[in-house]
Amino acid sequence: MAFSQYRLQDGWIVLRGPSGAAGHAANAAGEDGLFYNVRNGVLRIADNKAFARAGNVASATAIDPHVNLLRNLDDMIADVEAMGSTRDATFRQDVLRLLRQTRAAVRDGTPLPGRVQLVVHNEIGRSTGVTARLRGLGVRFIDGAVPPVAPDGNLRPHLGLRSQAAAPGTSTAVSPQSPLTVETAAGTSSRAVLVAEETAGAGAAGRALTMAGRVGSALVRAAIMAVIVLGLDYLRRGAEAERFQRKMATEQPRLEAAVRGLSSQVATLQRTSGGATVWAHMSIWIRSQTVTISSMYGGVFFDTSFEDAGFGGATVGLDYHSSRSHSYGEAMHLPSSGAVSTYTPSTETVIYSVPLPYDISTLDIATRVQRLAAIERDAARPGLPDPALELLFQEREALIGTHPR
């Protein structure tokens, strides 16, 4: 599970798991993995179910808030506290804060923090999802057959890790003068990419383009993740999944153009909303075709194949959207010797939202405080996709690490 879904090159750190000196036996009680991503600040608490049968997982007691999660959180907190505040554990305070917030939420029966995810895996098993009860508790299913989507962006500079601008082979540490200034071992300093984009004096047009590019990238990844969540069986096949991802990549320029085209509306909403998050609402469509072959001898065979996908449209607003609809086209029946083949086209339409970052250089202290509060509220939304969380998290870090005008 850790080797396939939580790769170091994607920003993941394994805090607890069934291996290594700090691990536990694979069949021991407790969660099967505690993972933290240094790129987007997401903390995952995982339980693996290697069932031989196909079907939904109905019980995941280690991460079930109504069963053992509270007790297991105490163990996780103790283990992370025991790491100490060494240079190799610079993420420790953020992980501890998230674990303690999660413990309080489970104890009080309130929603979990937005950056904490409870997940069930099916490594070395055939499970295909989780039951409605687990989904209602906020538990997500991650299919080991689907390649993970790597988080975008740079490693968070305040973690003491290398920024993009650091020279190869040099270590980095956070400068005490500026939370987002990285000092290399050679003594030179470089701004984190996010701060350079937002505050290095680029013109308004350049900032808008940069923002559109970042949001466009997040929209493409959110689209891919939104479709993975749908559990469309035909997109579990490698070739068709690659075709879909390539199609979404070709749509990114259109998404970016749509974001730029909405810039005046975005500016108006951000100026008058008191720091509230302005969301870009995007729709994508996925066209497929199901073939059903009915034999005169009573057998029925069917298969669904991916046909096409594309960008449907964009709007902006202060409300968050997440929805899915399905429509069928006219079926075509083709009789043949001993069987009838039916071809049914269908279209899935998915609407999802990602946040549009503010131009930090224009915000006064009062608006920054309002914006930070809004980010904390929105990050706590249940089911918020990782790319949207990343944008909120990056904006929060930039707000904290730059000086107001």
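Observations on the structure shown:
- Looking at ASP378, ASP359, ASP364, just one residue is at pLDDT 85 or above and out of contact with any helix residue (DSSP H, G or I) (no Cβ under 7 Å at 6 or more places or on another chain), and that residue is ASP364.
- Just one of the listed residues (GLY41, GLY84) is modelled with pLDDT under 85, assigned to a loop (DSSP other than H, G, I, E, B) and over 27 Å from ARG377 (Cα atoms), namely GLY84.
- Selection count, the range 262-318, where residues are in contact (Cβ under 8 Å) with a residue 60 or more places away in the chain, buried (at least 16 other Cβ atoms within 10 Å of the Cβ), out of contact with any strand residue (DSSP E or B) (no Cβ under 9 Å at 6 or more places or on another chain) and not aliphatic (A, V, I, L, M): 2
- Yes/no for VAL259 being hydrophobic (A, V, I, L, M, F, W, C), at pLDDT below 85 and assigned to a helix (DSSP H, G or I): yes
- First in the range 242-261 and of a type in the set (Gly, Ala, Ser), second anywhere and at pLDDT 85 or above and surrounded by fewer than 18 Cβ atoms within 10 Å (Cβ to Cβ), Cβ under 9 Å, 6 or more apart: ALA258/GLY313; ALA258/ALA314; GLY261/ALA314
- Exclusive hit being over 23 Å from ARG115 (Cα atoms), outside the structural domain of VAL38 (by TED's automatic domain parsing) and not β-branched (Val, Ile, Thr), set ALA380, ALA314: ALA314
- Filter result for GLU31 (surrounded by fewer than 17 Cβ atoms within 10 Å (Cβ to Cβ), under 26 Å from ALA380 (Cα atoms) and at pLDDT 80 or above): no
- All positions within the range 319-335 that are surrounded by 14 or more Cβ atoms within 10 Å (Cβ to Cβ) and out of contact with any Gly (no Cβ under 9 Å at 6 or more places or on another chain): TYR320, HIS321
- One residue alone among LEU161, LEU118, LEU112, LEU155 is modelled with pLDDT of 65 or more and not in a strand (DSSP E or B), and that residue is LEU112.
- Scanning the range 60-74 for residues that are in contact (Cβ under 8 Å) with a residue 40 or more places away in the chain and surrounded by fewer than 15 Cβ atoms within 10 Å (Cβ to Cβ) returns a single hit, HIS66.
- When each of GLY383, GLY401, GLY338 is tested for being crowded, with 20+ Cβ neighbours inside 10 Å and either more than 24 Å from the chain's Cα centre (by Cα) or under 27 Å from ASN37 (Cα atoms) (or both), the lone residue that passes is GLY401.
- Residues in the range 39-59 that are touching an Asp or Glu at 6+ places or on another chain (Cβ under 9 Å) and aliphatic (A, V, I, L, M) were compared, and the one that is surrounded by the fewest Cβ atoms within 10 Å (Cβ to Cβ) is ALA50.
- Wholly enclosed strands (runs of 3 or more DSSP E) of the range 295-370 bearing at least 3 residues under 18 Å from ALA280 (Cβ atoms): 300-317, 322-328, 339-355
- Failed condition for LEU399, given (1) outside any helix (DSSP H, G or I); (2) of a type in the set (A, V, I, L, M, F, W, C); (3) without any contact (Cβ under 8 Å) to a residue 60 or more places away in the chain: (1)
The values are calculated or read from the model by the stated rules, or taken from the named source; none is laboratory data. Just so it is clear, the structure is predicted and the values come from calculations on it, not from any experiment. With ideal geometry, Cβ positions are generated from the backbone for all residues, glycine too; neighbour counts draw on all protein chains shown.
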